[in-house]
4 protein chains.
Amino acid sequence: MKALTKDEIAGYLALNLKDWTFEGNAIKRDFKIETFVEAFSFMTAIALVLEKIDHHPDWSNSYNKVSIVLSTHSAKGITHHDIDLAEKIDGTYKRYAQ
Amino acid sequence: MKALTKDEIAGYLALNLKDWTFEGNAIKRDFKIETFVEAFSFMTAIALVLEKIDHHPDWSNSYNKVSIVLSTHSAKGITHHDIDLAEKIDGTYKRYAQ
Amino acid sequence: MKALTKDEIAGYLALNLKDWTFEGNAIKRDFKIETFVEAFSFMTAIALVLEKIDHHPDWSNSYNKVSIVLSTHSAKGITHHDIDLAEKIDGTYKRYAQ
Amino acid sequence: MKALTKDEIAGYLALNLKDWTFEGNAIKRDFKIETFVEAFSFMTAIALVLEKIDHHPDWSNSYNKVSIVLSTHSAKGITHHDIDLAEKIDGTYKRYAQ
């Protein structure tokens with residue numbers, strides 16, 4: 001899968017992924033959730049999706065905060081896989097957002 | 001902790017736990033969720049609570065369905081621990097209910 | 001996928017799945033693990049596999065015990081999917097067995 | 001709980017926590033596991049412990065790698081809570097180490 005151009009990425013972010021930022025060679029979003037219990041169950045929902053599509057981000061957690069960084073190593077950039085996954089993550093987050 | 005009487009249990013169920021039933025020596029509720037991903041993340045949120053309060057139910061899962069059966073072994077019946085836990089589970093379920 | 005015959009199922013169980021039993025229209029195994037923490041992390045490892053292969057069992061947990069019942073609804077019986085999944089579950093269990 | 005001195009921290013790390021490093025105001029260890037499935041089930045086992053003791057680290061995951069950074073915010077440093085948790089994490093890791 002081909003890496004998207006900067007303009008294409010900016011277009012997707014403006015359209016559907018307003019809370020994601022383009023940094024370095026990846027897209028990133030910080031999530032804030034009410035408690036650790038909910039943050040970790042949010043992560044579990046996402047982990048089940050990640051393993052299914054075999055696309056694994058760099059992500060981190062600190063109590064009620066979760067940060068997710070998406071890129072496609074094989075394409076050395078951001079591809080449609082990352083855009084699709086970001087949209088799925090945003091859909092899952094709705095359930096957990098404060 | 002002392003086991004509650006049948007009347008006390010019926011009172012709690014009528015008051016706050018309308019979706020729970022009293023069966024045998026335990027209280028039970030069946031949950032229906034949209035998908036397995038959400039059912040398992042619901043279970044993860046509950047697992048984190050269970051381990052924290054050191055009170056573990058009999059529970060089962062089949063795709064998008066989760067059944068939880070609560071009782072207190074040491075009291076050979078239902079105690080305030082079970083009532084409190086049932087309320088917490090119902091609170092968590094709100095996030096996942098269809 | 002076609003349901004296996006009773007003889008085929010008995011053959012697989014004798015060969016590779018000695019701790020599974022054939023009951024009703026399904027194969028079943030009970031697992032015992034040291035603590036709830038380990039039992040639930042065993043379940044999480046399995047959940048990630050289940051969602052990936054889109055094959056979901058009936059399973060239950062009570063503290064350090066996990067029971068898993070496998071069958072293929074669409075085939076009204078046991079198929080190679082169940083045999084494969086049972087072998088994967090046994091492989092995962094090695095890490096958690098006491 | 002009082003923050004440990006640098007000498008005390010160095011002592012604990014030398015004694016029992018040889019794979020942890022003291023960086024900035026925290027102790028850190030990088031874990032490598034076979035697959036994402038196992039890395040995330042390792043994280044789930046730890047999450048259950050974290051919530052129970054109400055002590056939450058900064059941690060991150062990338063496929064089969066998990067990094068955990070421990071400190072005690074209220075003490076502005078490292079306390080016995082962190083040392084105890086690091087030992088528990090190492091105990092859990094044994095099950096997942098390659």
The residue that is nearest to D:K76 (Cα to Cα), considering only those in the stretch D:1-29 that are in contact with a Gly (Cβ under 8 Å, 6 or more places away or on another chain) and touching a residue at least 60 places away in the same chain (Cβ under 8 Å), is D:A3
Would you say A:T72 is among the hydroxyl-bearing types (S, T, Y), more than 14 Å from every other protein chain (Cβ to nearest Cβ) and at negative phi? no
For A:T92, the lone unmet condition from (1) part of a helix (DSSP H, G or I); (2) open to solvent by 30 Å² or more (accessible area, probe 1.4 Å); (3) farther than 30 Å from B:I53 by Cβ is (3)
Residue count, the stretch C:71-89, condition open to solvent by less than 20 Å² (accessible area, probe 1.4 Å) and closer than 21 Å to C:K32 by Cα, comes to 5
Those residues of the stretch C:7-47 which are under 30 Å from B:D54 (Cβ atoms), over 12 Å from the mean Cα position of the chain (by Cα) and of a type in the set (V, I, T) amount to C:I33, C:T35, C:V37, C:T44
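Would you point out which residue out of C:I33, C:I9, C:I68, C:I27 is buried (at least 18 other Cβ atoms within 10 Å of the Cβ) and either farther than 24 Å from B:A39 by Cα or modelled with pLDDT under 95 (or both)?
C:I9
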Taking the stretch C:57-86 and keeping residues within 19 Å of C:K2 (Cβ to Cβ) and either in contact with a strand residue (DSSP E or B) (Cβ under 7 Å, 6 or more places away or on another chain) or acidic (D, E) (or both) leaves C:L70, C:S71, C:I78, C:T79, C:H81, C:D82, C:D84, C:L85, C:A86
Is there a residue in the stretch C:44-65 that is in contact (Cβ under 8 Å) with a residue 60 or more places away in the chain and open to solvent by less than 40 Å² (accessible area, probe 1.4 Å)?
no
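Identify, from the list A:K18, A:K65, A:K32, A:K88, the residue that is within 11 Å of chain D (Cβ to nearest Cβ) and of a type in the set (K, R). Lay out the reasoning, then the answer.
Details: A:K18 fails: within 11 Å of chain D (Cβ to nearest Cβ); A:K32 fails: within 11 Å of chain D (Cβ to nearest Cβ); A:K88 fails: within 11 Å of chain D (Cβ to nearest Cβ).
Criteria check complete, one pass: A:K65.
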- Does D:L50 qualify as being within 23 Å of B:D54 (Cβ to Cβ) and within 14 Å of chain A (Cβ to nearest Cβ)? yes
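The values are calculated or read from the model by the stated rules, or taken from the named source; none is laboratory data. Remember, predicted model here, so these are calculated numbers, not experimental data. Note: ideal-geometry Cβ built from the backbone for every residue, glycine included; neighbour counts use all protein chains shown. All accessible areas refer to the heavy atoms of the entire protein, side chains included, with ligands and DNA or RNA removed. Shrake-Rupley method; radii C 1.70, N 1.55, O 1.52, S 1.80 Å.
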